[in-house]
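Below you'll find the structure, written out as structure tokens, and then a few comments.
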Amino acid sequence: MSDARPCTIVGDVSGLPESASGAKHLVWWGNIGFMAIEGTAFALAAGTYLYLMSQTHGWPPAGIRPPDLFWPAILTLGLLLSELPNLWVRRRAIAKDERGVRFGTLGMTIFGLVLLIPRALEFAHLNVHWTDNAYGSVLWMLIILHTSHLITDIGDTAVQAVWLFTHEVGDDQFADVEDNANYWTFVVLSWLPIGALIYLAPRLG
Amino acid sequence: MTAPLTPEQADRLAVSWRDAPGLWGFLTTVDHKRIAARYILTVVLLMFLAGMLALDMRLQLAWPDMGRMTPQLYNESFSLHGSTMLFLVSVPVMEAMAIWLVPLMLGQRALAFPRLAAFSYWLYLGGVLMLWVPHAVGITPDLGWFEYPPLSGPGYAPGHRADIWAQMITFTEVAALAASVNVVATVLKMRPPGMTLARIPVFVWSQAIAGLMTIFSLPAVMLVTSMLIADRLVSTQFFAPAAGGDPILFQHLFWWFGHPEVYIIFLPAAGFVSMIVETFSRRTLFGHVAVVLSMLGIAALAFGLWVHHMFAVGLPRLGNDFYTAASMAVALPAGLQIFCWIATLWSGRPRFDTPLLWVLGFIATFVIGGLSGVMAASAPLDQQITDTYFIVAHFHYVLIGGAILPLLGAFCYWYPKATGRLMSERLGKLAFWLIVGGFNLGFFPMHLLGLMGMPRRVYTYSEGMGWGPLNLVATLGSAIAVAGGLVFVANAWWSRRHGALAGPDPWGGSTLEWAVPSPPPQHNFDHLPVVDSLTPLWTQKEALQVMTGLAVERREVLVTSVIEATPEYRQKSPKPSIAPLFSALAVTILFIGSIFTPWALVWGAVPLAAALIAWFWPQRERATTGPLAVRR
């Protein structure tokens, strides 16, 4: 016995479940914590963009065309459409559907990899280099920041898919799939203000 | 299971939570107490080194026209001293106290994410080595603790001194963010049954609030130091005015982090003070709700003050007025807390053992620092005293007075819990008088020196300035305080073997950590405590109410609801693992590589991904269904 005081038993938790889903799960809160950190970084990076914009005459600076719209439009549409299968995978995870999460994460991995094509082409159509001026630097920073999140989550989904196909899926792994789907939604939603800054601010400002 | 654990079950439980012996156990442990202890020992070593740097600088300034340090060595010394104390001592030591204490105060066996805590320490150690190993071979940052561009930019700071500083920050901030998410999740989801939000101990509140502040402030400094490295390495133009950049942007982002950081350090200290005042007044804390709301108020205001570090850069006057008002406003919640502590002491039956002495030293010193802060908050006055010794005096009164003195009190207070022995009261009182007396003798004259016009960061001054006598007094005081620090450490060292046996609850504390033996076993609690008040050990005098039912043959913790702490489910707690160390090593390779080439972010990601996959790969049976099922 290690407890240093006499004790009275007033309850028993052995009948409680061994896992949970959604906001009841501990890991859900860890995920929210990291989204808060990264969301703060996105917000501050966006603030940096607006600050530099406010300090500069002409945005983009004279002689630079705003970044082209075609590929980001494709990507944005793709990201929004990806929410359909993503939310479906999330529902399958909550329903503890083993087959659903296996094929769902595989599908999301493929979808994510396809989305990297328009993202890669975006880089070629930014019409400015990061060394040219502060406008170019901050534009590249925003897009690299978002791309790193995109790649990280696609990688995470791929690893998850491999694991799910090769192992018996338990309650904690269903919760992991749910968290990963939530994170994808975060990556999609964070693109909307960041993308708006990159592509619309130079046209409106 | 509704009976207490049998001795066999208790033994089985202890085995389930025990680390492997020897070096392997050392490298793989996820025990929050061991991780916190190594954080604290690292901090003690760094405080010694930073203290020696301070003493060296004080000797240089003791007399006019001294030539024992060159200007370059002096620049390196204050840069290393400030960077170490702010990034490697003050914030990490508060996190360490949270990592050690929060699970114990919550009646838990572990933190929410034990491996993340181990990862946090290894990364922190990476930050320590990032700064001090280059220093050992003669490459030391030399631009102060906040390294403003353009001085730190590619045009004025060749070599890698500035990069080392910037990347040291990335290490320590990732470590701090990992620790903060861990602590916040633990406080929200792993409280004992009955510990509603209204029954959370003030210290736990303080750490949760500081954790949230960390989450919303530290990304700023990581972002801005990454921008600085990018300007230096790949020729981005963030801070280059000729290309549309702005050096002031660096200051905005740095102080978005830098000012909340002061309160990230101070709030846990206020938590220590609240716990010590309660125990040594032998009554419940006066104004618990007011103290917690004050902490939340300080946290909110802390994000609206950063510009008061920038009054001298020429911002619009209306902005200065706003930040002056906000800076003065923070004195209100801080003052409210102090009144609550005084009221608790006044209406209690205070016992003046060393932990309480440190609190009294804190109140006196911190009030002086707070008042000089109200003075400096006034933009017109700040224009006169900024970058003088008045500011040096002010922030040392706030940081030493507001954080280090409560920390030393906390160290004395919880030392018997950690070691099983009490520290010597006689040596403790000697250390107290030497440190508090020496500190005030050393730093009070700096207010006057600042008003006389002595700028900070000068390596010497001429005799005709008339600053000699006060500088000599300041050096004497600092030397006395350093001697006190050595007595304090000697006391801790000596008492580990020779101190009086403490027993589980030497001070008559009110919170759950005092319900377990000293030192606590690796699993902390045999049973799950149930809380019925803010001071469970005072309201459950006869016997502690507990629940049973967690597994004894594997690591398991109880997860409860956020508001009411109602039991929700039993969560498996991870076993020891080498993966956090390997992941930290992979991050280290990536961070150090990215000082030299941006491609390190690409190839460095490969070992990092491998280490993280190994870390998070769930250990379960191979699939028996689906297309990749194992054939049996």
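Each value in this text was obtained by applying a stated rule to the coordinates, not by laboratory testing. As the structure is a prediction and not an experimental result, all values here were calculated from the model. When we count neighbours, we look across all protein chains shown, and the Cβ atoms used for this are built from the backbone with ideal geometry, even at glycine.
Here is how the numbers come out for the structure above:
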{"item": "Efficiency of FRET between A:ARG203 and A:ALA43 - r from beta-carbon atoms, R0 25 angstrom, step 0.05", "result": "0.70"}
{"item": "Cα-Cα separations in the protein assembly as shown greater than 36 Å, expressed as whole percent", "result": "48 percent"}
{"item": "Sites A:LEU69 and A:ILE110, calculated FRET efficiency, Cβ-Cβ separation with R0 22 Å, nearest 0.05", "result": "0.30"}
{"item": "Residue among A:THR147, B:LEU46, B:SER510 farthest towards the positive dipole end of the protein assembly as shown, charges placed on Cβ", "result": "B:SER510"}
{"item": "Label point distance in nm, A:HIS129-B:THR70, each placed 7 Å from Cα along Cα→Cβ", "result": "3.8 nm"}
{"item": "Antiparallel DSSP beta bridges within the protein assembly as shown, percent to nearest 5", "result": "65 percent"}
{"item": "Cα-based reach from B:LYS33 at 24 Å (exclusive), listing lysines while leaving out same-chain residues under 8 positions away", "result": "B:LYS189, B:LYS417, B:LYS572, B:LYS575"}
{"item": "Whole-angstrom gap from region B:34-81 to region A:40-117, using each part's C-alpha centre", "result": "47 Å"}
{"item": "Translational D in µm²/s for chain B (Stokes-Einstein at 25 °C, 0.890 mPa s, Kirkwood Rh from C-alpha pairs)", "result": "95 µm²/s"}
{"item": "Farthest positive-ward along the protein assembly as shown dipole, Cα basis, beta-carbon charges - from B:VAL184, B:VAL531, B:LEU332", "result": "B:VAL531"}
{"item": "Computed helical MRE - 222 nm, chain B, DSSP H runs ≥ 4 contributing -39500 (n - 2.57), nearest 500", "result": "-21000 deg cm²/dmol"}
{"item": "Dipole in debye (nearest 20) - chain B, about Cα centre, beta carbon charges: Lys, Arg +1; Asp, Glu -1", "result": "1560 debye"}
{"item": "Span-like helix ranges in chain A, DSSP H, alpha carbon extent 20 angstrom or more, Kyte mean at least 1.0", "result": "A:134-166"}
{"item": "Whole-angstrom gap from region B:393-432 to region B:283-331, using each part's C-alpha centre", "result": "27 Å"}
{"item": "Value of [θ]222 nm, deg cm²/dmol, for chain A, DSSP H segments ≥ 4, -39500 (n - 2.57) each, nearest 500", "result": "-26000 deg cm²/dmol"}
{"item": "FRET efficiency, 1/(1 + (r/R0)^6) with R0 45 Å, evaluated for B:TYR156 and B:VAL562 via beta carbons", "result": "0.35"}
{"item": "Mean-position separation - Cα centroids, region B:477-513 and region A:145-175, in angstrom", "result": "48 Å"}
{"item": "Equivalent ellipsoid, region B:108-217 (semi-axes from 5 times Cα gyration tensor eigenvalues, Å)", "result": "37, 15, 9"}
{"item": "Relative contact order for chain B, counting Cα pairs under 8 Å that sit 6 or more residues apart, in percent", "result": "21 percent"}
{"item": "Whichever aspartates and glutamates have a C-alpha closer than 18 Å to that of B:LYS429, once near sequence neighbours (fewer than 8 apart) are set aside", "result": "B:ASP353"}
{"item": "For A:THR8, residues with placed amide H under 5 Å, excluding near neighbours", "result": "B:LEU544, B:GLN545, B:VAL546"}
{"item": "Chain lengthening between B:LEU336 and B:VAL458 when straightened (0.36 nm per residue, less Cα-Cα)", "result": "40.1 nm"}
{"item": "Dipole magnitude of region B:198-326 about its Cα centre (Cβ charges: Lys, Arg +1; Asp, Glu -1), debye to nearest 20", "result": "400 debye"}
{"item": "Where the Cα pairs of region B:473-563 fall when distances are cut into 5 Å bins, in %", "result": "2, 10, 14, 15, 14, 10, 10, 9, 7, 4, 3, 1, 0"}
{"item": "Student exercise, the protein assembly as shown dipole from Lys, Arg, Asp, Glu Cβ charges, in Debye to nearest 20", "result": "1180 debye"}
{"item": "Zone of A:LEU16's modelled label, taken as backbone nitrogen in region B:180-197 under 17 Å from a point 7 Å along Cα→Cβ", "result": "B:185-197"}
{"item": "Furthest towards positive pole of dipole, B:SER120, B:LEU86, B:GLY107, structure part region B:47-125, Cβ charges", "result": "B:GLY107"}
